[in-house]
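Here is the structure we will look at, set down as C-alpha cells.
Each value in this text was obtained by applying a stated rule to the coordinates, not by laboratory testing. Note that this is a predicted model, so its numbers are computed, not measured. Here Cβ is always computed from backbone atoms with ideal geometry, including for glycine, and neighbour counts include all displayed protein chains.
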Amino acid sequence: MIKDILKILETDARTTTKQIATMTNIPTAEVARLIKQAEKDHTILKYKTMINWDKVGEEQVWALIEVKIAPQRELGFDSIAERIYRFAQARTVYLVSGTYDLLVLAVGKTMHEVADFVSQKLAPIEGVQGTITHFALKRYKEDGEILEGEEGVKRQPVIL
Amino acid sequence: MSISSKSQHSKYYSLTSQRVEQLSPSGIRKFFDLLASMEGVISLGVGEPDFVTPWHIREAAIYSLEKGYTMYTSNLGMPELRQELSRYLKDNYELEYDPNSELLITVGVSEALDLAMRAILNPVDEVIMPDPHYVAYDSCVILSGGTPIMVPTNQENNFEISAADIEARVTSKTKAILIGYPANPTGAVMSKHKLADIAEVARRHQLLVISDEIYAKLVYGVEHTCFATLPEMKERTILLGGFSKVYAMTGWRVGYAAATKEVIAAMIRIHQYTMMCAPTMGQVAAIEALKSGEDSVTKMVEDYNKRRLVIVKGLKDIGLTCFEPQGAFYAFPSIKGTGMSSEQFTERLLIEEKVAVVPGSAFGQCGEGYVRCCYATSLADIEEALSRMKRFVAKHPK
C-alpha cells in the first residue's frame, strides 16, 4: 500500500493526498497518515525539483571522481567515505566494486572550483591513495529524465 | 456501356457497391474534421496509448532495417514470431497452437477480424454480437455478406452480453458469435463463468466464436479469461489478438489470429491475395515485444489504472453516472441526465470546451446516451478535461 503511494510521489512529488487517494483507492486520511509516517521514518527523505540549470544560463561543472582508498581496520571504507560525503560539493558518493573504491559525483560553479575540491580537500584525506577526475562534457539523462529533446506524443488526429 | 447511359437505365445506379452503401456512415467523421481544425483541444477520443513504443522494441526494429530485413515474409508471418506467439499463448493460457498451421500474423487485429469473417460467412449467415461494440464488428460482417444481429447491453447489466440473450437470437442461419472483452467502447470485462455460459450456447448450437482479445493484458483487479481456454472451445474459437494496445504499437500494424488448421487455411487464402504478409519491420518489433516486453506492459498497466480511477471518480463527481470499467482504457459515462443526445453532447463539448470524446451512438444503437472517454492520455490532461466537462455539464442543466 505504502509502495503504491511512494511510486506516485517518486514520479511527481506534487501529487496531492486527495489525488493519491483516488489513484490508489485508499482513503485520503489513510494516505496522509502513511505519508507522514514515511516522512518520519525517513523512507521519504526529501521533496525536490529536477531543474535543467542550463536553461537559465547557470553554469555548472559536473565531475565524476574515482577515489582509491586504503580501508581502515574495523572501520573498513566507511569512515573515509564519511569524511568525503560530508563535503557539500560531493553530491553523490558510492562504494563500488572494480579498480577503485569510491565514486564521487561533485558539482561546482567552475572547473577550478571542482579541481580545488579534489586537490585540496579530497586527495589529502588520510587513506586516500589516488583520484582520477572525469569532467562531464554533456549531460544527456539525469535520474531517468532526458534533459533535451524528449520525444513528445506524436499522435495524429484520428478516431477509432 | 458508359456510366451516363447506364445511369439513365437505372435510377439506383451508383458508382460504389451496394454492400458498401449498407455500411452506416461514421458519425465520427464530422467531429474528426472539426477537431483537426481546432487548437488547444484535449482529446479523449483516440483509442490508442499515449506511450511511445518502448525503446527496446523500436531499437530491435531499427536494427532489423540495418541488417536488411526489408523483404516479404512467409504469408503466415515470420517463423520466429509464430514460435514466440505459440509460447506466449502456452505460457499465458496453457493453450497449444501449432505455429506452422494454427497461427496467422496479420496487419493488426482489424485485418484478422476481416479475414475471419470472410473466411467463415456465407451470404445468408448471421453473426450475433453485443451492442454497443467496436465500430468494425458489424461492418466486417456486412462486408462479408453476412447479417449482424445485435444483443443490447447496458450499464445496468455491466455491458455484458448474456448467454440467454444470445440463445434467444439463434436461428438456423446463425453462424457465429462475435465478442470482444475487455470491451471497446465500454471497458467491460466478462467473468469466466459468464463466458462459460456463452460457450455452452456455442456448443449446443454448433456456433463459432470470434473472440477479439486485443485488450487482454489491460485489466485492473480482475482476471481476463481467454475464450479458447473454456471447455471444448479451442476448436470453436477464432482468437484474435495483437500488439497495438498492450505494447503501444498501434502504428506498426501487427496482429494475429489463432484457430484451427481449417479456419487458418481459409484465412490465409484471402490474406495471401490481399495483404501477402504483415510488415516485416513490425513483425521483428513484435518478436522483441513478446520476448521482453513484459516489464513495459506492467508499468503501462499500473499507469492506466491510476488514470482509470481518476477519470471514473471525476466523471462521477461531475454528476454523470459512470459504469466502473475493469479493462481496456475507456470510460463510458452516461450523459442521459443532460438531456442531450450523445452526438449533441460531443459536438457542443468540443466547440464550447475543446474536449473531444466519442459519441456512444457511433458504437451501435445501445451506445446512445453515452460517450466514450479514452483515458490513455496524461493525468494532467485528464484532470483538465474533467474540469472543462464539469463546467460544461453545469452550464447545461437539463
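Cβ crowding within 10 Å, taken as a proxy for footprinting-reagent exposure, orders A:PHE135, B:PHE332, A:PHE77 from fewest neighbours to most as A:PHE135, A:PHE77, B:PHE332. Volume of the convex hull of the stretch B:114-172 (Cα atoms only), normalised per residue: 76 Å³. Within 10 Å of the Cβ of each residue in B:257-268, the mean number of Cβ atoms contributed by other protein chains is 0. Compared with the rule-of-thumb size 2.2 N^0.38 Å for a compact globular protein, the stretch B:98-147 has a Cα radius of gyration ratio of 1.23.
Taking B:ASP197, B:ASP295, B:ASP212 in turn, the Gaussian network model of chain B (Cα-Cα springs below 10 Å) assigns the largest fluctuation to B:ASP295. Placing unit charges on the Cβ atoms of the charged side chains and taking the dipole of the stretch A:1-89 about its Cα centre, the candidate lying farthest along the positive direction among A:ILE84, A:ALA13, A:ILE35 is A:ILE35.
Using the Kirkwood formula on the Cα atoms of the protein assembly as shown, what hydrodynamic radius do you get, in angstrom to one decimal?
The Cα-based Kirkwood calculation yields 27.2 Å.
Calculated mean residue ellipticity at 222 nm for chain B: -12500 deg cm²/dmol, from DSSP H runs with n ≥ 4 weighted as -39500 (n - 2.57), summed, divided by the residue count and rounded to 500.
Put simply, the amide H of B:VAL151, placed in the peptide plane, has neighbours under 5 Å in B:MET129, B:ASP131, leaving out anything fewer than 5 places away on its chain. Determine the gain in length on full extension of the stretch B:GLU324-B:ASN75; use 0.36 nm per residue of separation and subtract their C-alpha separation, reporting nm with one decimal. Here the answer is 85.5 nm. Residues whose amide H comes within less than 5 Å of that of A:ARG91, counting only those at least five positions distant or on another chain, are A:LEU105, A:ALA106, A:VAL107 (H built at 1.01 Å from N in the peptide plane).
For the pair A:GLN72 and A:THR43, label points projected 7 Å from Cα toward Cβ lie 3.5 nm apart. For the pair B:SER387 and A:ARG33, a Förster radius of 35 Å applied to the C-beta separation gives a FRET efficiency near 0.80, rounded to the nearest 0.05.
Here the Gaussian network model covers chain A, with springs between Cα atoms less than 10 Å apart; of A:ALA90, A:ALA70, A:ALA13, A:ALA13 fluctuates the most.
Legend: translational diffusion of the stretch A:53-139 by Stokes-Einstein, Rh = Kirkwood radius over C-alpha pairs, 25 °C, 0.890 mPa s; D = 184 µm²/s. Using 20 Å as the cut-off for backbone N distance, which residues of the stretch A:109-143 belong to the label zone defined by a point 7 Å from the Cα of A:TRP53 along Cα→Cβ? Counting only backbone N, you get A:109-122, A:133-143.
Using a ≥ b ≥ c from the Cα gyration tensor of chain B (square roots of the eigenvalues), is it rounded, prolate or oblate, where a/c under 1.5 gives rounded and otherwise the larger of a/b and b/c decides, a/b for prolate? Note, shape of chain B comes out rounded. A compact globular protein would have a Cα radius of gyration near 2.2 N^0.38 Å; the ratio found for the stretch B:55-292 is 0.98. Cα centroids of the stretch B:294-329 and the stretch A:109-143: 47 Å apart. Taking amide H as placed 1.01 Å from N in the peptide plane, the amide H of B:ARG372 sits under 5 Å from that of B:VAL358, B:GLY360, each at least 5 places away or on another chain.
Computed over the stretch B:106-202, relative contact order equals 29 percent, with contacts defined as Cα pairs under 8 Å that lie 6+ residues apart. Between A:TYR100 and B:GLN83, the simple label model (points 7 Å from Cα in the Cβ direction) yields a spacing of 4.5 nm. Taking 0.36 nm per residue of separation and subtracting the current Cα-Cα distance, fully stretching the chain between B:LYS291 and B:MET276 would add 2.9 nm. Taking label positions 7 Å along the Cα-Cβ direction at both A:THR110 and A:HIS134, the computed distance is 2.6 nm, reported to one decimal. Placing unit charges on each Cβ (+1 for Lys and Arg, -1 for Asp and Glu) gives chain B a dipole about its Cα centre, and among B:SER43, B:GLY68, B:TYR93 the Cα reaching farthest toward its positive end belongs to B:SER43. Structural descriptor for chain B: relative contact order 23 percent, calculated from alpha carbon pairs under 8 angstrom and at least 6 residues apart. Seen through its C-alpha gyration tensor, with square-root eigenvalues sorted a ≥ b ≥ c, the stretch B:165-240 comes out prolate because a/c lies at 1.5 or above while a/b is bigger than b/c. With a Förster radius of 45 Å applied to the C-beta separation of B:ALA394 and B:SER17, the computed FRET efficiency comes to 0.40. Which of these, B:THR250, B:THR70, B:THR338, has the largest mean-square fluctuation under a Gaussian network model of chain B (Cα springs below 10 Å)? Comparing B:THR250, B:THR70, B:THR338 in the GNM, the peak value goes to B:THR70.
For the residue pairs A:LYS3/A:LYS55; B:LYS261/B:LYS306; A:LYS18/A:LYS40; B:LYS299/B:LYS395; B:LYS175/B:LYS217; A:LYS109/B:LYS299, the alpha carbons lie more than 32 Å apart in A:LYS3/A:LYS55; B:LYS261/B:LYS306; B:LYS299/B:LYS395; A:LYS109/B:LYS299. Net charge dipole, chain B: roughly 800 debye, given to the nearest 20, about the Cα centre with Cβ charges of +1 for Lys and Arg and -1 for Asp and Glu. Overall, chain A carries a charge dipole of about 420 debye about its Cα centre when +1 sits on the Cβ of Lys and Arg and -1 on the Cβ of Asp and Glu, all other atoms neutral.
Within chain B, the longest run free of exposed loop sites, counting GluC sites (Glu not before Pro) that sit outside DSSP helix and strand states (H, G, I, E, B) and have at most 15 other Cβ atoms within 10 Å, spans B:236-398.
Kindly identify chain A as rounded, prolate or oblate by the Cα gyration tensor criterion: order the square roots of the eigenvalues as a ≥ b ≥ c, call it rounded if a/c is under 1.5, otherwise compare a/b with b/c, prolate if a/b is larger, else oblate. Because a/c hits 1.5 or more and a/b fails to exceed b/c, chain A counts as oblate.
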